[in-house]
Amino acid sequence: MANEAKKEQYKIHSTDVMKKIMGEYFLSLETGKKKIAWCTSVGPAELLRSFGFEVYFPENHGALLGATRTAMDYIPEAIKCGYSGHVCSYTTADIGSYLKKETPLQKHYGMKGAPKPDIIAYNTNQCREVEDWFTYFADEFKCPIVGIQPPRHLDEITQDEIDLVVKQFKKMIPVCEQVSGNKFDLDKFKEVVKLSKEATLLWQKVLKTSTAMNAPLSFFDGTIHMGPIVVLRGTQVAKDYYTGLLKELEENVKNNIGFLPQAKVRIFWEGMPIWGKLRMFSDLFNANNAAVVASTYCSSWVFDKFDENNPWESTAKAYTEIFINRSEKAKMKMLAEWFKEFQIDGVVFHDSKTCFNNSNAKFGMPQRLQEMTGVPGLIIEGDLCDLRFFSEGQSITKIETFLEQLEENKVLS
Ligand code: SF4
């Protein structure tokens with residue numbers, strides 16, 4: 001209880017600003033002033049924005065369906081249409097929500113529903129599921145769909161891969177010109193890439209504030225504060241938001257204010273969030289004096305290669321070299337660096353039932369990673385949206401036992 005009380009006292013004040021700008025973003029999708037492009041969360045948003053599209057991200061909607069625990073009401077609708085209940089629950093929940101004509105966007109933001117797309121763009125750098133998902137909607141709305149299909153699971157990204165992806169990016173131009181009614185403008189594209197770069201570097205700094213021993217931002221806070229870097233990157237609004245958030249968190253570090261000052265162990269979260277259980281997990285780790293300070297998930301929107309002076313190649317590289325799109329060797333190297341930087345004592349792998357692509361615990365990587373880094377790992381089973389694949393009691397027992405062992409190891413070492 002004492003821990004809960006301390007957690008209550010810690011507040012990130014920028015949260016109010018974030019709620020406001022997210023609300024304004026959603027309402028801007030319904031004004032009819034701009035044409036709408038749907039885009040994958042790690043997709044070519046900068047190029048779309050340069051044509052003047054307002055960009056909507058169905059994965060963000062999937063996360064909302066998970067966080068509001070409405071996903072389970074909608075997944076059966078998609079199953080009735082022939083989708084397996086074992087494929088990406090963002091996909092099935094989103095399709096089901098569309099079929100039922102219901103969405104939390106109505107209740108939370110006063111919207112009529114998800115905005116109708118004029119064009120749909122995807123990038124399979126994260127998974128092929130997005131192609132199936134987005135193609136369903138392109139057929140429904142009878143709108144053009146464009147896709148980037150980069151090489152996957154690479155150790156290194158070479159010039160050959162970058163050239164290939166640049167070609168695919170450029171193939172989008174005529175379709176975007178036709179739908180938007182605007183000619184491609186290189187200067188505009190550069191301007192959007194610059195804004196995106198500035199926001200993403202601020203987001204990276206925000207995440208790194210939790211390298212402090214009294215960390216000011218937990219993984220669970222990060223899943224909330226990442227909203228603008230997902231849906232508003234490439235805008236001044238996102239840049240301003242992360243400027244303010246960074247200032248607040250740096251101030252907290254300077255004043256030794258963190259979300260769990262009494263933390264005994266520092267944890268890394270690997271894999272997707274379990275959206276419907278964020279609060280439960282946050283309370284559980286805090287109550288056990290374990291600070292979850294970093295994750296692969298929140299780091300997925302750090303695109304530090306963006307360069308407005310080389311917009312095509314830099315965006316192609318940044319979007320192809322993301323963690324989820326890499327080989328196990330490259331992933332282990334990235335994880336080992338994060339463990340060192342954030343002084344991690346243990347890692348929790350979320351083995352997500354319906355997201356094969358963002359689960360790294362199925363082929364023995366936790367064991368190999370422990371041998372490589374000395375950082376012990378725990379695997380918990382669950383899902384991003386579909387809580388039928390998650391056992392709360394079993395997970396709590398596993399996590400509490402794991403944390404006890406970590407603490408004992410620390411005392412003994
Ligand atoms: S990465 Fe996973 S959760 Fe995200 S769209 Fe692909 S399958 Fe779904």
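The values are calculated or read from the model by the stated rules, or taken from the named source; none is laboratory data. Every value quoted in this text rests on a predicted model; they were computed, and no experiment measured them. Quick reminder, even Gly has a Cβ in these numbers, built from the backbone with ideal geometry, and neighbours come from all protein chains shown.
Got a number for residues in region 263-313 being surrounded by fewer than 22 Cβ atoms within 10 Å (Cβ to Cβ), aromatic (Phe, Trp, Tyr) and within 16 Å of the ligand (Cβ to nearest atom)? Within region 263-313, residues that are surrounded by fewer than 22 Cβ atoms within 10 Å (Cβ to Cβ), aromatic (Phe, Trp, Tyr) and within 16 Å of the ligand (Cβ to nearest atom) number 2.
Among the residues in region 125-141, are any touching an Asp or Glu at 6+ places or on another chain (Cβ under 6 Å) and away from the ligand (no atom under 16 Å from the Cβ)? Within region 125-141, not a single residue is touching an Asp or Glu at 6+ places or on another chain (Cβ under 6 Å) and away from the ligand (no atom under 16 Å from the Cβ). In region 298-305 there is at least one residue matching the filter, namely being closer than 30 Å to Phe169 by Cα, in a helix (DSSP H, G or I) and in contact with a Ser or Thr (Cβ under 8 Å, 6 or more places away or on another chain).
The helices (runs of 4 or more DSSP H) found wholly in region 185-232 and carrying at least 2 residues that are of a type in the set (D, E, K, R) and over 12 Å from the mean Cα position of the chain (by Cα) occupy 186-208. For region 121-145, a residue qualifies if it is over 22 Å from Cys355 (Cα atoms) and of a type in the set (A, V, I, L, M), and the qualifying residues are Ala138, Ile145.
Restricting to region 146-166, count the residues that are more than 13 Å from Pro44 (Cα to Cα) and part of a helix (DSSP H, G or I). Summing the residues that are more than 13 Å from Pro44 (Cα to Cα) and part of a helix (DSSP H, G or I) in region 146-166 gives 6.
In region 334-351, of all residues being in contact with an Asp or Glu (Cβ under 9 Å, 6 or more places away or on another chain) and not in a helix (DSSP H, G or I), the one that is surrounded by the most Cβ atoms within 10 Å (Cβ to Cβ) corresponds to His350. For region 336-357, check the following and say yes or no: at least one residue is among the hydroxyl-bearing types (Ser, Thr, Tyr), within 16 Å of the ligand (Cβ to nearest atom) and either at pLDDT below 95 or more than 30 Å from Val411 (Cβ to Cβ) (or both). There is at least one residue in region 336-357 that is among the hydroxyl-bearing types (Ser, Thr, Tyr), within 16 Å of the ligand (Cβ to nearest atom) and either at pLDDT below 95 or more than 30 Å from Val411 (Cβ to Cβ) (or both). Of all residues in region 35-62, those being within 12 Å of the ligand (Cβ to nearest atom) and in a helix (DSSP H, G or I) number 5.
Being at pLDDT 95 or above and at positive phi is a condition met by at least one residue of region 255-263. Within region 167-184, the set of residues being part of a helix (DSSP H, G or I), more than 25 Å from the chain's Cα centre (by Cα) and either more than 19 Å from Gly234 (Cβ to Cβ) or hydrophobic (A, V, I, L, M, F, W, C) (or both) comprises Lys167, Lys171, Ile173, Pro174, Val175, Cys176, Gln178, Val179. I'm checking my understanding of the structure. Among residues of region 379-405 that are buried (at least 20 other Cβ atoms within 10 Å of the Cβ) and assigned to a strand (DSSP E or B), which one is nearest to the ligand (Cβ to nearest atom)? Here the residue is Gly382.
Checking Lys362, Lys331, Lys410 one by one, the residue that is within 16 Å of the ligand (Cβ to nearest atom), among the charged types (D, E, K, R) and in a helix (DSSP H, G or I) is Lys331 and no other. Among the candidates Glu341, Glu400, the residue that is over 21 Å from the mean Cα position of the chain (by Cα) and among the charged types (D, E, K, R) is uniquely Glu400.
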